[in-house]
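Here the structure is laid out as structure tokens; the discussion comes afterwards.
The values are calculated or read from the model by the stated rules, or taken from the named source; none is laboratory data. In this text the structure is predicted, and so the values were computed from the model without any measurement. Note that each Cβ is placed from the backbone with ideal geometry, even for glycine, and that neighbours are counted across all protein chains shown.
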Amino acid sequence: MKRELILNGLDCAHCAAEIEEKIQKLDSIQEAHVDFMSKKLTVIPKNEKSWESLKTQLIKIITDMEPDVVVGEAGESYSLFFKGLDCAHCAAEIEDEIRKVVGVESVSVDFMSTTCTYRCQKSDKARIEQEIRTIVNTHEPDVIVETVSTDKEEDRNFKKDLIRIFIGAGLFVIGFLQPETSLLGIVFVLGAYVLLGYDVVFRAVRNILKGQWFDENFLMALATIVAILLQDYREAVAVMLFYQVGEYFQERAVYSSRKSIADLMDIRPDIAHVIKNGETVDLSPELVQISDVVVVKPGERIPLDGIVQNGVSSLDTSSLTGESLERDVEVGDEVLSGCVNLRGLIEVVVTKAYSESTVSKILELVENTSSRKTKSENFITKFSKIYTPIVVILAVIIAITLPIIVPGISYVESIERACAFLVISCPCALVISIPLGFFAGIGGLSKNGILVKGSTVIESLSTLQQMVFDKTGTITQGKFGVSKILGEQKAIEYAAYAESNSTHPIAKSILDAYKEEVDTKRIQEVEEIAGHGIRIVLDGETILVGNTKLMDQFNIKYPVIDELGTLVYVSKNNEYIGTLVIEDQLKQDSKQAIQSLKKAGIKNCVMLTGDRKAVADHIASQVGIDSVYSECLPNDKVNVVESLLPQGNLGFAGDGINDAPVLALADLGFAMGGVGSDAAIEAADVVIMDDNLNKIPLAINRSKKTMGIVKQNIVGALGIKLLVLALAAFGFVNMWLAIFADVGVSIIAILNSIRLLKK
């Protein structure tokens, strides 16, 4: 299990690296990493039971090296939903304020999902939550802070906004049809302005009183009020009308993309039908316990992971895997929460609590995908904070100095140009352009059964240069079968007894081939020899089952066997008695996936395996692998990946708990069929919900497309704004075009991003 410590007061990056290096040398540590930016030490202990003593040891190491650092155990992660948050710039400001709250270890406000994720000690939660509510109320009083996300209120607000826009537009048209100097026309036009702009002006005044000047409300209010003072009533109202229409479409588009993701991941079952004392009781999935039996009717989602106890049916797994193929299940089969039962009624024995179930882990992944921000997101947030005040200052300079510098320009005209400048300078199009692109990209991948842990992963996927694969269960099916028994037939019996406690696919194939029941009472001793095989004492006789290294270790003479496949040698009382030839089948999609990866720009495809060189080379030649590392022990795989890392951005694909160290070490870890392995989900950056290797090139290609659209949004938003700003300074831009440079650009960026939601 991953453990985290917060290193308060750590202010030296070099010291952080030295602390990490010293901790990594501890024998009790499987993995350790110090993140200087977040001041967080992440460790994976080899023995979870020894955590408390290990923690004491870690604190001593840290404080000996850095006496001023105060070490505390990382707090828990909590989430709040900011209902009605529709300003990306405001979301960034709220995040900055929350970060300053005492006790907050980390925070991320995700504008796209309107979720605030923060980490703190449990004892500080109530106080910090209250402070967050105060901060949100100060910045955005209309935003409601909730512990559960809801959508219905937003639908109602959209209808109200649309009605207000239509009435305001009607008043404007009536006033516009009157003579320009008509008092009645002016009254109708100003009435339209009050109806359309009252909320903008109110928010601007409120924010000014709080010392918050440079936001879209202030810029719009100032620009239109100045136009009214210059008696350009119609232009002021037209600008406000266009602004409100643009805001409406922008908010609808953002809401639509949010809802697409929410609908996509609507896999959480509402209730579980639990059998209690012979009766069926409806409970929340969180209240169901391990070993409880739940009834799943046709058309319902399976509420928790478990094993079918009674019944036969077919399952729709598309919400987990992205594949539309049905999966038949019967008694004894494992089923995962989130799948839809299509036909017969089944009874399922629960094997995992809801918090550890597949559906819970997937939802947690999706909800936190945007919490890790890319360099481009962080840059544009910082840039917008500098950009807006600079443009406002330039607008003031234009208003004051233009009539002095350029003959023939009046102060009225220079003020109009300055107002256009102010409207253009609103930073929302810039701030929203990047996260929305990543958010939509993540949603599109989810539709295909590919979950990524944040927008930083999208960025890394697009630059992947090397791909390393574990062989068994990734390149091959992992379904082994004993194809030959060379030597005595007794070899299969001895091998079955030796492998009786193993869950490895090869062990299962041996037990399947033996077919008879294993009487474990006959076994007196069992010793696993890492990377070599197993030694047991069976009925008082010493049995060795393993590879040639095991035979060599015990000086046992064995014949050279030229067979493709995995060879399992068996000896009895230090005498060779036989060899099992075990073969694994290639996955049907392996060759095509490797070809697609090379087309996607992967320069080096590598395969790691513990198999013999002849077997590994044969499989590699069949699928088009570039480099093969055979006869690898678990540590060898780590060493190989470490040696490859300097050659370019590297991804590793594996399917089980033994792959977790390498998954964590690679630049990007892909968990294949990762829903079955908690360790794989924890360590990987990308979770492929089924075993389809073609999903890896698909993920790379879609990530490249996402990065392309993000760049288009940045260049488009920034380019149009700068161009229109330049034109405005020279008097070629009216307020209509200025509004387009604000809201219009946002809408274009949103529509461009939504393309990524297509499957």
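Please tell me if LYS484 is in the same structural domain as LEU567 (by TED's automatic domain parsing), within 41 Å of the chain's Cα centre (by Cα) and not hydroxyl-bearing (Ser, Thr, Tyr).
Answer is no for this residue.
Mind telling me which of the residues THR456, THR472 ends up being assigned to a helix (DSSP H, G or I), of a type in the set (Val, Ile, Thr) and touching a strand residue (DSSP E or B) at 6+ places or on another chain (Cβ under 9 Å)?
Selected residue: THR472, the only one of THR456, THR472 that is assigned to a helix (DSSP H, G or I), of a type in the set (Val, Ile, Thr) and touching a strand residue (DSSP E or B) at 6+ places or on another chain (Cβ under 9 Å).
Residue by residue through region 461-486, note down the ones that are out of contact with any helix residue (DSSP H, G or I) (no Cβ under 8 Å at 6 or more places or on another chain) and not β-branched (Val, Ile, Thr).
Matches in region 461-486: GLN477, SER483, LYS484, LEU486.
Cβ-Cβ below 6 Å, separation at least six or inter-chain, first residue in region 52-73 and among the charged types (D, E, K, R), second in a helix (DSSP H, G or I): which pairs?
Close Cβ pairs (under 6 Å, with a partner that is in a helix (DSSP H, G or I)) amount to GLU66/CYS15.
Give the residue that is modelled with the lowest pLDDT, with candidates limited to residues of region 39-78 that are crowded, with 18+ Cβ neighbours inside 10 Å and assigned to a strand (DSSP E or B).
LYS40
Suppose the filter is surrounded by fewer than 17 Cβ atoms within 10 Å (Cβ to Cβ) and in a helix (DSSP H, G or I); does TYR198 pass it?
yes
With ALA491, ALA496 as the choices, which residue is in contact with a Gly (Cβ under 8 Å, 6 or more places away or on another chain) and surrounded by 19 or more Cβ atoms within 10 Å (Cβ to Cβ)?
Criteria check complete, one pass: ALA491.
Taking the criterion of being touching a Lys or Arg at 6+ places or on another chain (Cβ under 9 Å), surrounded by 15 or more Cβ atoms within 10 Å (Cβ to Cβ) and part of a helix (DSSP H, G or I), would at least one residue in region 509-527 satisfy it?
Yes, some residue in region 509-527 is touching a Lys or Arg at 6+ places or on another chain (Cβ under 9 Å), surrounded by 15 or more Cβ atoms within 10 Å (Cβ to Cβ) and part of a helix (DSSP H, G or I).
Is there any pair linking a residue in region 556-570 that is in the same structural domain as HIS618 (by TED's automatic domain parsing) to one that is at pLDDT 95 or above and among the basic types (Lys, Arg), with Cβ under 8 Å and at least six apart or on different chains, and which?
Sorted first by the residue in region 556-570, then by its partner, the list stays empty.
Select from region 227-237 the residues that are modelled with pLDDT under 80 and in a helix (DSSP H, G or I) and write down the one among them that is farthest from LEU162 (Cα to Cα).
ALA227
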